[in-house]
Amino acid sequence: MSVEFKPVIVETKNLSFSVGSLNIVSDVSTKILQGDYTAIIGPNGGGKTTLVRLMLGLEKRSSGEILLFNTPIKRFKQWQKIAYVPQTVSHIDRNFPATVKEIVRMGRSALKKGWQRFNAQDEAIIDESMIKLDVKKLENKLIGELSGGQRQRVMIARALATNPKLLILDEPNTGVDMVSQKKFYALLKELNEKDGLTIIFITHDLGVIADDIQKVICINQSLLACSNPHEILSCSAMSELYGVDAHVMHHHH
C-alpha cells in the first residue's frame, strides 16, 4: 500500500517570542500539512494569536525558525497564497460606504499591480467567492446593513477572492449567534473537504473540535500538545491547558 506524503504548508522550529522579560511563545515546534483542518486552542493570553501573527510575519520572532511552503519566512514572497481574517475584521463601522461586492473586490485588488484592470477571470473568482460564502444575494447591500454573521462571511469571501492555499481565522465566531455558527462550521468543513483548502483557526469553542477537524494545537505559551482532537478533549488535557480542573462536555452543532 502506497503512503501519501503531503507537502508541509507551515512549519515552526523552536519558535519563541518575548517582550522584554515576558515570554509570550516559548520553543514551539509544529507542522501544518497541505489539506489540514487545524484548530489552535488555549487560555486567553496563552499565545494563540501571537503564534499566528508570527507565522504571518506580523511579529518578529525572538528565536527559532518559520517556514512557509518550505521557504524560510524571511525569503517568502508568495503572500497571496495565504489569506488571514483577524478577530476584529467583522467589526466594521456601520457607516462605511461600501457594498458587499466592493468589499470582496478589495481582496482581489490586492493581487493587481498599478492600474491593472479586472478581467473576466477576476470577476468570476469574485462571484464564486460570494457564492461559496452565501453572500452573492447580498452583493448590492451596504456592509453596515448586515448582521454580524453576514459580515463575517463577507470578510472570508474577500479573503477567498485571492484564491489562497491557506486560510487563517482568528476567533471567527466571536459575537455570532448559534445558527450562524452552525452554518459557518459547515462552510469551513466544505471548503476543506471539497476545495482542499488548508485551514487554521483559533477558537474557544471546544465542542466543534472533535466533530470536524483533524488536528488540534494546544498552546499556553509553550506547546502542550499537537494531536488528534478526540485525544485532546479529555479532562486531564484540558486541565493542563487551562490550569484549572476541567469537566469536558461534548455537544453537537
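The values are calculated or read from the model by the stated rules, or taken from the named source; none is laboratory data. From a predicted model like this one, the values you see are computed outputs, not experimental measurements. Virtual Cβ from ideal backbone geometry, glycine too; neighbours counted across all protein chains shown. Side chains included, ligands, DNA and RNA excluded: accessible areas come from the protein's heavy atoms. Shrake-Rupley method; radii C 1.70, N 1.55, O 1.52, S 1.80 Å.
Miscellaneous remarks
- Residue in the stretch 112-127 that is crowded, with 20+ Cβ neighbours inside 10 Å, closer than 29 Å to Ser180 by Cβ and within 19 Å of the chain's Cα centre (by Cα) present: no
- Test: residue in the stretch 160-181 that is under 11 Å from Val85 (Cα atoms) and over 12 Å from the mean Cα position of the chain (by Cα): no
- Scanning the stretch 131-154 for residues that are within 19 Å of the chain's Cα centre (by Cα) and polar (S, T, N, Q) gives Gln150, Gln152.
- Of all residue pairs spaced 6 or more apart or on separate chains, those with beta-carbon atoms under 6 Å, a first member in the stretch 168-194 that is in a helix (DSSP H, G or I) and a second member that is at pLDDT below 90 are Ser180/Gly149; Gln181/Asn173; Lys182/His253; Tyr185/Val208; Tyr185/His253; Lys189/Asp212.
- Selection status of Pro172, open to solvent by less than 10 Å² (accessible area, probe 1.4 Å), closer than 23 Å to Val10 by Cα and modelled with pLDDT under 85: no
- If you go through the stretch 50-80 and keep only what is open to solvent by less than 50 Å² (accessible area, probe 1.4 Å) and of a type in the set (Ser, Thr, Tyr), you end up with Thr50, Thr71.
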